[in-house]
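> Quick one: structure below, then a few questions.
The values are calculated or read from the model by the stated rules, or taken from the named source; none is laboratory data. Remember, predicted model here, so these are calculated numbers, not experimental data. As a convention, Cβ positions derive from the backbone with ideal geometry for all residues, glycine included, and neighbour counts pool all protein chains shown.
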Amino acid sequence: MQLAKNVIDIGLSTNNLEPMLHFWQQDAGLRFDHVLPIRRGQKQYRHDAYGSVIKLNHHVEPLPDAAPSGYRELIIAREGVTAPQRMADPDGNSVCLVAPGHDGITQIAVAMAVRDLAAHRRFYGDILGFAEQSWSGGPAFRLGDSLILLREDRAASVDQTRQARGWRYITLQVADIDAVHQELRAKGVREGLAPVTLGEVARISMILDPDGNWIELSRRASIVGSLSDH
């Protein structure tokens, strides 16, 4: 898979807007970029982490209690950090600041708990086509400058809901979204959402990894210049 943006994004959902904004902007030190209205009752507060967008989705209606996704921790490489600094935001989402190069992390990494390590290695390596490397906890995959870190956990939940608190999805920016989505479906990847155009902002789809974790594929006009191939 060819990425249109050489880093990945990650999305989380909350009902707890003001304390979350304070944490991500003050404690985690991310730069607030802008608010993107998603639908009635949902706005996305987009924060920059060295090119990656940390998408804080605020929902007015109460989000259901649900099992955590396989996305367990966001790790951010930051100059001036000497030892890993582990934190949790007001909703309990895990964040860690590390020195650039720690565990091979030069930008951001997303640590995952997966039920079947072999299945996820096939998914990220053979099916999505990303390069494997290692980290202190096991295998990792390099998605542009970002990393996915895999650790096997037989108790990890499966087929998690996307509309719930916590880390819920990652986003890969691709130019040829319809072709990529169709190709992945042909390889047996489960579909979470068929390609759909969101106004003049983006065309997106959703796929599911072997545990049912959500992965958004996005063709964003601000990155590729147009939502049309023509």
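> When R46 is evaluated against the numbered criteria (1) surrounded by 15 or more Cβ atoms within 10 Å (Cβ to Cβ); (2) at pLDDT below 95; (3) charged (D, E, K, R), which criterion, by number, is the only one it fails?
Looking at each condition in turn, R46 falls short on (2).
> Among (1) assigned to a strand (DSSP E or B); (2) in contact (Cβ under 8 Å) with a residue 12 or more places away in the chain; (3) under 19 Å from the mean Cα position of the chain (by Cα), there is one condition Q163 misses while meeting the rest; what is its number?
It fails just one condition, (1).
> Now a separate question. For S69, indicate whether it is closer than 12 Å to G166 by Cβ, within 13 Å of the chain's Cα centre (by Cα) and part of a loop (DSSP other than H, G, I, E, B). Walk me through how you get there before you give the answer.
Values: closer than 12 Å to G166 by Cβ: yes; within 13 Å of the chain's Cα centre (by Cα): yes; part of a loop (DSSP other than H, G, I, E, B): yes.
In short, yes.
> Moving on to the next point. If we keep just the residues of segment 24-55 that are in a helix (DSSP H, G or I) and in contact (Cβ under 8 Å) with a residue 12 or more places away in the chain, which is farthest from the chain's Cα centre (by Cα)? Break it down stepwise before answering.
Kept after step one, since they are in a helix (DSSP H, G or I), are these residues of segment 24-55: 24-27.
Retained after the next criterion (residues that are in contact (Cβ under 8 Å) with a residue 12 or more places away in the chain): 24-25, 27.
Values: W24: 16, Q25: 18, D27: 20 Å.
Result: D27.
> Something else: What's the number of the only condition in (1) at pLDDT below 95; (2) surrounded by 15 or more Cβ atoms within 10 Å (Cβ to Cβ); (3) part of a strand (DSSP E or B) that A175 fails to meet?
Status for A175: all satisfied but (3).
> Can we say P195 is in contact with a His (Cβ under 6 Å, 6 or more places away or on another chain) and either under 30 Å from H102 (Cα atoms) or touching a residue at least 12 places away in the same chain (Cβ under 8 Å) (or both)? It would help to see each step written out before you state the result.
Working: in contact with a His (Cβ under 6 Å, 6 or more places away or on another chain): yes; either under 30 Å from H102 (Cα atoms) or touching a residue at least 12 places away in the same chain (Cβ under 8 Å) (or both): yes.
Considered against the rule, which asks whether it is in contact with a His (Cβ under 6 Å, 6 or more places away or on another chain) and either under 30 Å from H102 (Cα atoms) or touching a residue at least 12 places away in the same chain (Cβ under 8 Å) (or both), P195 comes out as yes.
> Evaluate the following for L128: is it surrounded by 14 or more Cβ atoms within 10 Å (Cβ to Cβ), within 16 Å of G70 (Cβ to Cβ), among the aliphatic types (A, V, I, L, M) and touching a Pro at 6+ places or on another chain (Cβ under 8 Å)? If you could, list the steps in order and put the result at the bottom.
Numbers: surrounded by 14 or more Cβ atoms within 10 Å (Cβ to Cβ): yes; within 16 Å of G70 (Cβ to Cβ): yes; among the aliphatic types (A, V, I, L, M): yes; touching a Pro at 6+ places or on another chain (Cβ under 8 Å): no.
Considered against the rule, which asks whether it is surrounded by 14 or more Cβ atoms within 10 Å (Cβ to Cβ), within 16 Å of G70 (Cβ to Cβ), among the aliphatic types (A, V, I, L, M) and touching a Pro at 6+ places or on another chain (Cβ under 8 Å), L128 comes out as no.
> Any chance segment 55-73 includes a residue that's polar (S, T, N, Q) and surrounded by fewer than 17 Cβ atoms within 10 Å (Cβ to Cβ)?
Kept after step one, since they are polar (S, T, N, Q), are these residues of segment 55-73: 57, 69.
Next cut, surrounded by fewer than 17 Cβ atoms within 10 Å (Cβ to Cβ) only: none.
No: zero hits.
> Please work out which residue is farthest from G212 (Cα to Cα), limiting yourself to segment 118-172 and to residues that are at pLDDT below 95 and among the hydroxyl-bearing types (S, T, Y).
Going through the qualifying residues, I end up with S136.
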